[in-house]
Amino acid sequence: MRRYRRKRLKYALFSGIVAFAAGWAASILLIPETPFTEQPRWRSTLWLYLGFHGIPLSDIHLGGMGFGTEQPTTLVENSEALRYLPLAAVGCAGAYTTKQISTRSIKNTVSNALTAGSAYFLAALIAIVATDMRPGISLLLVVGGGIAGAAWLGSTFLSTFTRGIPFIGITSLGTLIGVGFLVIAGGAALLSILWELIAIAYAGPAIAGILIGTERSLRSDGRTRNSDWPRLASIKYHFRENWIEIVVSAGVVAALYLGLTNTI
C-alpha cells in the first residue's frame, strides 16, 4: 500500500505541476501581450493565467489603495475563449495519473485523478504567493502554511520522541479560541476568493477519473461475456438491466434543463 501511495504521489505531483506550467505557457503564446507593462513578464503573465481561475487582482498593483480588485482577464481582448484552458490542463493531468496507475475500481481511479488536482491546486497557491497577486491572501496562505508545517513537524517529533506514549498538551482557553477564530475567518476569506480555483482543480480530474474508470469497468465486464466488443456488450447488458431507471433519470434531467433554461 505504501508503494502504491508513493507511485500515485509521484505521478500526481509531476502531472499537476507540469499541467499548471503548460497552461501558463499556452496562455502566454495565445495572449503574448499583457496590460501590465511595468511588471516583470513572468509575473504579469501569471496574473493573467490565474485570472482564468477566477482570482481577481488587487488594485494596489494598478495604482489603487488595495481596497478593491480587478479581474485581469477583462483587461485583455479575446480572452473569453481561454476560460476553459485551466480545466483542460488539469483534466489532462488527472487522465495521465490514472493512466499510469492501473486499477479497475472507479473509486480508486477518481482518487488518483484528484491527487493530480491537489498538486495543480498547490502549484496555483504557490504562484499566488510568488506573484503577490493578493497581498492579504498571500499573507493568510503563508501563515496557514507555516502553522500547518509547524504542526506536522511537531507531531512528527513528538511521535518519534515519545514512541507512541500518549501525550497531552495543555494550553489556555483564550489561545484555543483565538486560533480557532483565525482559522475560521481566514478559511472563509480564502474560500470566497479561491472557490473557482478549487472547482477547476478538482472538477477536471474528477471528470477524467470517472470517464477512464467507467471505460475500464466496462471493458473488464465485457470481457467476461466473451464478446469481441467488450465495452459495447457491457453497455447493452447494463441498459437491459436498468433501462427503466435510465429512462426516468434522463427524463428528469431533460425536464430540469428545459425548466431552468426557459426553453419550454
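Exactly one residue among Thr131, Thr109 is at pLDDT 80 or above, closer than 14 Å to Thr214 by Cα, crowded, with 19+ Cβ neighbours inside 10 Å and of a type outside the set (A, V, I, L, M, F, W, C), and that residue is Thr109.
Every test in (1) modelled with pLDDT under 90; (2) under 23 Å from Glu196 (Cβ atoms) is passed by Gly63 save one, and that test is (2).
Comparison of Glu245, Glu241 shows that the only residue that is surrounded by fewer than 10 Cβ atoms within 10 Å (Cβ to Cβ), modelled with pLDDT of 75 or more and either not in a helix (DSSP H, G or I) or not assigned by TED's automatic domain parsing to the domain that holds Arg134 (or both) is Glu245.
For first residues located in region 74-103 and closer than 18 Å to Leu30 by Cβ, partners that are modelled with pLDDT of 85 or more and assigned to a loop (DSSP other than H, G, I, E, B) and lie 6+ apart or on another chain with Cβ distances below 7 Å form the pairs Leu82/Phe52; Arg83/Phe52; Leu85/Phe52; Pro86/Phe52; Pro86/His53.
For region 31-49, a residue qualifies if it is of a type outside the set (Val, Ile, Thr) and either assigned to a loop (DSSP other than H, G, I, E, B) or touching a helix residue (DSSP H, G or I) at 6+ places or on another chain (Cβ under 6 Å) (or both), and the qualifying residues are Pro32, Glu33, Pro35, Phe36, Glu38, Gln39, Pro40, Arg43, Leu46, Trp47, Leu48, Tyr49. Residue pairs whose Cβ atoms lie under 7 Å apart, separated by 6 or more positions or on different chains, with the first residue in region 37-55 and free of Cβ contacts under 8 Å to residues at least 40 places away in the same chain and the second assigned to a loop (DSSP other than H, G, I, E, B), are Ser44/Thr34; Ser44/Phe36; Thr45/Thr34; Leu48/Ile31; Leu48/Thr34; Leu48/Val76; Gly51/Gln71; Phe52/Arg83.
The values are calculated or read from the model by the stated rules, or taken from the named source; none is laboratory data. All values derive from a computational prediction rather than experimental measurement. When we count neighbours, we look across all protein chains shown, and the Cβ atoms used for this are built from the backbone with ideal geometry, even at glycine.
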